[in-house]
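S.K.: The following block contains the structure, expressed as structure tokens.
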Amino acid sequence: MILSERLRFIREQKNLTQGDIEERTGLKRSYVSRLEHGRTIPSLATLEKFAQALEIPLYLF
């Protein structure tokens with residue numbers, strides 16, 4: 001599973017919307033969408049924000 005698919009899969013498993021991730025990370029919803037569709041590559045800092053928002057350890061990505 002590639003990173004973009006993994007981000008979306010985990011978010012959906014936790015019943016969170018892209019809007020929820022936007023609120024928890026401060027990242028724009030459009031950016032979250034681009035990440036989940038593989039249109040952009042996140043930095044390590046961005047992945048850390050996602051991990052905190054999803055309440056999972058970073059290595060699960």
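S.K.: Taking the range 16-40, which residues are open to solvent by 60 Å² or more (accessible area, probe 1.4 Å) and not basic (Lys, Arg)?
M.R.: The initial filter retains those residues of the range 16-40 that are open to solvent by 60 Å² or more (accessible area, probe 1.4 Å), namely 17, 23-24, 26, 28-30, 34, 37, 39.
Those that are open to solvent by 60 Å² or more (accessible area, probe 1.4 Å) and not basic (Lys, Arg): Thr17, Glu23, Gly26, Ser30, His37.
S.K.: Pairs only if they're at least six apart or on different chains, beta carbon under 9 angstrom, first in the range 42-60 and touching a residue at least 24 places away in the same chain (Cβ under 8 Å) and under 19 Å from Asn15 (Cα atoms), second part of a loop (DSSP other than H, G, I, E, B) and among the basic types (Lys, Arg); list them, first residue then second.
M.R.: Sorted first by the residue in the range 42-60, then by its partner, the pairs are Leu54/Lys14; Glu55/Lys14; Ile56/Lys14.
S.K.: Which members of the range 1-34 meet the condition of being among the hydrophobic types (A, V, I, L, M, F, W, C) and closer than 14 Å to Ala51 by Cα? Spell out the reasoning first.
M.R.: Let us first name the residues in the range 1-34 that are among the hydrophobic types (A, V, I, L, M, F, W, C), namely 1-3, 7, 9-10, 16, 21, 27, 32.
Leu3, Leu7, Phe9, Ile10, Leu16, Ile21, Leu27, Val32, listed by residue number.
S.K.: Just give me the residues in the range 7-23 being out of contact with any Leu (no Cβ under 8 Å at 6 or more places or on another chain) and part of a helix (DSSP H, G or I), in sequence order. Explain how you work it out, then say what you get.
M.R.: Step one: list which residues in the range 7-23 are out of contact with any Leu (no Cβ under 8 Å at 6 or more places or on another chain), which gives 8-9, 12-13, 15, 17-20, 22-23.
Residues satisfying the conditions are Arg8, Phe9, Glu12, Gln13, Gln18, Gly19, Asp20, Glu22, Glu23.
S.K.: Kindly indicate whether Phe61 is of a type in the set (Phe, Trp, Tyr) and in contact with a Lys or Arg (Cβ under 8 Å, 6 or more places away or on another chain). Write out each step before concluding.
M.R.: Numbers: of a type in the set (Phe, Trp, Tyr): yes; in contact with a Lys or Arg (Cβ under 8 Å, 6 or more places away or on another chain): yes.
Yes: the conditions hold for Phe61.
S.K.: Tally up the residues in the range 41-57 that are in contact with a helix residue (DSSP H, G or I) (Cβ under 6 Å, 6 or more places away or on another chain) and either among the basic types (Lys, Arg) or surrounded by fewer than 12 Cβ atoms within 10 Å (Cβ to Cβ) (or both), please.
M.R.: Here the count works out to 1.
S.K.: Residues of the range 1-15 being open to solvent by less than 90 Å² (accessible area, probe 1.4 Å) and in contact with a His (Cβ under 9 Å, 6 or more places away or on another chain), which ones?
M.R.: The answer is Ser4, and nothing else.
The values are calculated or read from the model by the stated rules, or taken from the named source; none is laboratory data. Keep in mind it's a predicted model, so treat the numbers as computed, not measured. As a convention, Cβ positions derive from the backbone with ideal geometry for all residues, glycine included, and neighbour counts pool all protein chains shown. The area values use the complete protein model at the heavy-atom level, side chains included, leaving out ligands, DNA and RNA. Shrake-Rupley method; radii C 1.70, N 1.55, O 1.52, S 1.80 Å.
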